[in-house]
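Student: There's a structure below that I have some questions on.
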Amino acid sequence: MTRDRWTWHGGGLSAARAHFGDDARGWIDLSTGINPHVWPGAGAVEIDWLALPDEMALRALEQAAAASFGCHADHVCAVPGTEVGLRLAGRVLGDDVCHAVPSYRTHGEMAASSHPVTLGNLALADGSSLILANPNNPDGVLLSREALSDLLVRRGRKGWLVIDEAFADCHPDHSFADQVDDRHRLLIFRSFGKFFGLAGLRLGFVLGPRPILASLRKQLGAWPVSAAAIAIGTRAYQDIAWQDAMRERLIAEATSFDQRLASFGLLASGACPLFRLITTPDASHLFERLARAAILSRPFADKPDWLRLGLPANDEAMERLCAVLEDHG
């Protein structure tokens, strides 16, 4: 059985069920880095399903998001998921583009042509546009603001620094969003669904110079995101108390998760608490054993000793995972 269908993206439960079958206990999806603790207010938000998305409400969403990111609302554009934003914004990067690896496949597809560089050799991209994630996925590497400032300077006169901050809500002190303005050749992408646990809403944001965002808005048209995304996203970003408490909870749960993994001889790496990367020679066999126990993890075809595990949602999920790890060991 090939693992290629799960190589690029997590969440392939349909394919997993088709091959491995169902389980009376239900599947546990640990293949994504989506917060298993969903923002609880979505069901209480009133949505007018008969009306088209309102432009003033959209601006209110962008203002709420900007306040959370720490930048001005004029430099924030809502998009129907960061995947769309990345691909549309890639048109401004020019021909001399590099993308850091390993990371998201989309980064290498943003521009017409892009060359991979490792995080340890970013100097090779000096003078070029550079695309990277912070924190990075799948290894969770987290760059400091000082390092990002240096990378921005090293773009030269023509290069852009593009930072995918999909998981930055967990690390607000490391976000570079407050540096976005009309002077800097800087683009930042933020995801709503990962931290708030509502990936199905398909909501993201592009942060950048106003002329770039004006061009992007023209491409997106009059109604870039749904009324539901606007209403729920606005309320969620205004819920500061939940965000602060969730950051603390995720860090505590990730620390406990690391300890459980270590008890089976598996060392977790990465700063992002929403997923843990383990390196083990038998990662392929462990993926198969977990899948046969209806637990979906994330393998990597080009890194056969890597396996990424999302944060288990509760004690039951943790114990089911640990039971497989104990038998495997």
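The values are calculated or read from the model by the stated rules, or taken from the named source; none is laboratory data. None of the values given here were measured: they were computed from a predicted structure. Positions of Cβ are generated from backbone atoms using ideal geometry, with glycine treated the same way; all protein chains shown enter the neighbour counts. Keep in mind that these areas ignore ligands, DNA and RNA; they rest on the heavy atoms of the full protein, side chains included. Shrake-Rupley method; radii C 1.70, N 1.55, O 1.52, S 1.80 Å.
Student: Please work out if Ala65 is at negative phi, outside any loop (DSSP other than H, G, I, E, B) and without any contact (Cβ under 8 Å) to a residue 40 or more places away in the chain.
Tutor: Working: at negative phi: yes; outside any loop (DSSP other than H, G, I, E, B): yes; without any contact (Cβ under 8 Å) to a residue 40 or more places away in the chain: no.
The answer is no for Ala65.
Student: Sticking with this one: At least 2 residues that are in contact (Cβ under 8 Å) with a residue 24 or more places away in the chain in each: list the strands (runs of 3 or more DSSP E) lying fully within region 110-177 that qualify. So that I can check it myself, show each step before the final result.
Tutor: On the way: elements: 115-118, 129-133, 161-164.
Counting at least 2 such residues, we get 129-133, 161-164.
Student: Among (1) open to solvent by less than 60 Å² (accessible area, probe 1.4 Å); (2) within 20 Å of the chain's Cα centre (by Cα); (3) over 20 Å from Cys272 (Cβ atoms), there is one condition Gly41 misses while meeting the rest; what is its number?
Tutor: (2)
Student: When you check Ala301 against the structure, is it of a type outside the set (D, E, K, R) and open to solvent by less than 50 Å² (accessible area, probe 1.4 Å), yes or no?
Tutor: When the stated conditions are applied, Ala301 does not pass them.
Student: Looking at region 85-105 only, could you name the residues that are surrounded by 18 or more Cβ atoms within 10 Å (Cβ to Cβ) and closer than 30 Å to Glu55 by Cβ?
Tutor: Listed by number, the residues that qualify are Gly85, Leu86, Ala89, Gly90, Val92, Leu93.
Student: Return yes when Ala236 is farther than 21 Å from Gly11 by Cα, surrounded by fewer than 16 Cβ atoms within 10 Å (Cβ to Cβ) and out of contact with any Leu (no Cβ under 6 Å at 6 or more places or on another chain) and no when it is not. It would help to see each step written out before you state the result.
Tutor: On the way: farther than 21 Å from Gly11 by Cα: yes; surrounded by fewer than 16 Cβ atoms within 10 Å (Cβ to Cβ): no; out of contact with any Leu (no Cβ under 6 Å at 6 or more places or on another chain): yes.
Answer is no for this residue.
Student: On to the next question. Can you tell me which residue within region 272-289, out of those that are charged (D, E, K, R) and under 20 Å from His19 (Cα atoms), is most open to solvent (accessible area, probe 1.4 Å)? Explain how you work it out, then say what you get.
Tutor: Start the filter on region 272-289 by keeping residues that are charged (D, E, K, R), which leaves 276, 282, 288-289.
Now restrict to residues that are under 20 Å from His19 (Cα atoms): 288-289.
Numbers: Glu288: 36, Arg289: 106 Å².
Once the filter is applied, the top-ranked residue is Arg289.
Student: Determine, yes or no, whether Ala111 is more than 16 Å from Ser191 (Cα to Cα), at pLDDT below 95 and open to solvent by less than 30 Å² (accessible area, probe 1.4 Å). Quick ask: steps written out before the conclusion?
Tutor: Working: more than 16 Å from Ser191 (Cα to Cα): yes; at pLDDT below 95: yes; open to solvent by less than 30 Å² (accessible area, probe 1.4 Å): yes.
Considered against the rule, which asks whether it is more than 16 Å from Ser191 (Cα to Cα), at pLDDT below 95 and open to solvent by less than 30 Å² (accessible area, probe 1.4 Å), Ala111 comes out as yes.
Student: Next up: Quick check on region 81-95. Is at least one of its residues β-branched (Val, Ile, Thr) and outside any helix (DSSP H, G or I)?
Tutor: First, the residues of region 81-95 that are β-branched (Val, Ile, Thr): 82, 84, 92.
Narrowing the set further to residues that are outside any helix (DSSP H, G or I) leaves none.
Scanning region 81-95, I find no residue that is β-branched (Val, Ile, Thr) and outside any helix (DSSP H, G or I), so the answer is no.
Student: Of all residues in region 277-298, which are under 17 Å from the mean Cα position of the chain (by Cα) and not hydroxyl-bearing (Ser, Thr, Tyr)?
Tutor: Start the filter on region 277-298 by keeping residues that are under 17 Å from the mean Cα position of the chain (by Cα), which leaves 277, 297-298.
Result: Leu277, Arg298.
Student: Also, I was wondering about something else. Just the residues that are farther than 18 Å from Thr279 by Cα, in a loop (DSSP other than H, G, I, E, B) and open to solvent by 50 Å² or more (accessible area, probe 1.4 Å), please, taken from region 304-329.
Tutor: Within region 304-329, Asn314 is the sole residue that qualifies.
Student: Among (1) open to solvent by 80 Å² or more (accessible area, probe 1.4 Å); (2) modelled with pLDDT under 95, where does Gly12 come up short?
Tutor: (1)
Student: Tally time: how many residues in region 120-145 are closer than 21 Å to Asp169 by Cβ and open to solvent by 30 Å² or more (accessible area, probe 1.4 Å)? Spell out the reasoning first.
Tutor: Of the residues in region 120-145, the ones closer than 21 Å to Asp169 by Cβ are 131-145.
Restricting the remaining residues to those that are open to solvent by 30 Å² or more (accessible area, probe 1.4 Å) gives 141-145.
Within region 120-145, residues that are closer than 21 Å to Asp169 by Cβ and open to solvent by 30 Å² or more (accessible area, probe 1.4 Å) number 5.
Student: Does Val117 satisfy the condition of being of a type outside the set (Lys, Arg), open to solvent by less than 20 Å² (accessible area, probe 1.4 Å) and in contact with a His (Cβ under 6 Å, 6 or more places away or on another chain)?
Tutor: Working: of a type outside the set (Lys, Arg): yes; open to solvent by less than 20 Å² (accessible area, probe 1.4 Å): yes; in contact with a His (Cβ under 6 Å, 6 or more places away or on another chain): no.
No; evaluated as a whole, the condition is false for this residue.
Student: For Ala51, only one of the following conditions fails: (1) part of a helix (DSSP H, G or I); (2) open to solvent by less than 60 Å² (accessible area, probe 1.4 Å); (3) among the aliphatic types (A, V, I, L, M); (4) under 24 Å from Phe205 (Cα atoms). What is its number?
Tutor: Going through the list (1) part of a helix (DSSP H, G or I); (2) open to solvent by less than 60 Å² (accessible area, probe 1.4 Å); (3) among the aliphatic types (A, V, I, L, M); (4) under 24 Å from Phe205 (Cα atoms), Ala51 breaks only (1).
Student: So if I check each of Arg202, Arg210, Arg217, Arg260, which one is closer than 25 Å to Leu187 by Cβ, open to solvent by 40 Å² or more (accessible area, probe 1.4 Å), in contact with a Cys (Cβ under 7 Å, 6 or more places away or on another chain) and at pLDDT 95 or above?
Tutor: On the way: Arg202 fails: in contact with a Cys (Cβ under 7 Å, 6 or more places away or on another chain); Arg210 fails: in contact with a Cys (Cβ under 7 Å, 6 or more places away or on another chain); Arg260 fails: closer than 25 Å to Leu187 by Cβ.
Testing whether each residue is closer than 25 Å to Leu187 by Cβ, open to solvent by 40 Å² or more (accessible area, probe 1.4 Å), in contact with a Cys (Cβ under 7 Å, 6 or more places away or on another chain) and at pLDDT 95 or above leaves just Arg217.
Student: Does Arg292 fit the bill of being of a type in the set (D, E, K, R), touching a Leu at 6+ places or on another chain (Cβ under 9 Å) and either open to solvent by 50 Å² or more (accessible area, probe 1.4 Å) or closer than 12 Å to Pro138 by Cβ (or both)? Step through it out loud before you land on a result.
Tutor: Details: of a type in the set (D, E, K, R): yes; touching a Leu at 6+ places or on another chain (Cβ under 9 Å): no; either open to solvent by 50 Å² or more (accessible area, probe 1.4 Å) or closer than 12 Å to Pro138 by Cβ (or both): yes.
So Arg292 does not fit the description; no.
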